[in-house]
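**Student:** Got a structure here, written out as structure tokens. Questions coming.
The values are calculated or read from the model by the stated rules, or taken from the named source; none is laboratory data. From a predicted model like this one, the values you see are computed outputs, not experimental measurements. Every residue, glycine among them, receives a Cβ derived from its backbone with ideal geometry; neighbour counts consider all protein chains shown. Please note that ligands, DNA and RNA were not included when accessible areas were found on the heavy atoms of the full protein model with its side chains. Shrake-Rupley method; radii C 1.70, N 1.55, O 1.52, S 1.80 Å.
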Amino acid sequence: MKVLTPIERRALRARAHQLHPVIMIGNAGLTPTVLHEIDIALKSHELIKIRVLGEDRAQREKLIGEICPALDASPVQHIGKMLVIYRPRPAVATAPGTRPRRKEKRRTKRSYQNQ
């Protein structure tokens, strides 16, 4: 688990402001299935919001304390029932001398009419 500096945390909070919760943790709590879904969300989004449906603040603190070490993520913010978690995407290994392929340019509607 990487410890974030205050500057990094501030930038991540700003990025997370516009996000909607991707995961909701209900009365069943943190099950292995929920942990797996959080892992999948972190792989694809890198920065996610989690909504916890419970009234106990200590329980939410405990949840963020369990999620982050289990998934090697960093806690960014905990406000009310929202948890914001960050884990950088792993770097994609590419063979030396290769470049990522460019997408083909999208043909416009007009280009089909002049054939």
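**Student:** Quick one: of LYS2/LYS105; LYS43/LYS103; LYS43/LYS105; LYS49/LYS109, which pairs are farther than 31 Å apart, Cα to Cα?
**Tutor:** Details: LYS2/LYS105 39 Å; LYS43/LYS103 23 Å; LYS43/LYS105 28 Å; LYS49/LYS109 39 Å.
Violating the 31 Å limit, Cα to Cα: LYS2/LYS105; LYS49/LYS109.
**Student:** Ok, one more. For the pair ALA70 and HIS17, what calculated FRET efficiency results from E = 1/(1 + (r/R0)^6), where r is the Cβ-Cβ distance and R0 = 35 Å, to the nearest 0.05?
**Tutor:** 0.85
**Student:** Compute the accessible area per residue over the stretch 1-94, keeping the other protein chains in place, probe 1.4 Å, unit Å². If you can, show how the numbers build up before the last one.
**Tutor:** Details: 5890 Å² over 94 residues.
For the stretch 1-94, the per-residue accessible area is 63 Å².
**Student:** Of the listed values [x] 44; [y] 49; [z] 55, identify the label whose number matches percent of Cα pairs over 19 Å apart calculated from this model.
**Tutor:** Of the labelled values, this structure produces [z].
**Student:** Taking only C-alpha pairs under 8 Å that are 6+ residues apart, what is the relative contact order of the chain in percent?
**Tutor:** Averaging sequence separation for qualifying contacts and normalising by length gives 28 percent for the chain.
**Student:** Right, next: For the chain, take the longest principal axis of its alpha carbons; what is the angle in degrees between that and the long axis of helix 6-16, to the nearest 10 within 0 to 90?
**Tutor:** 70
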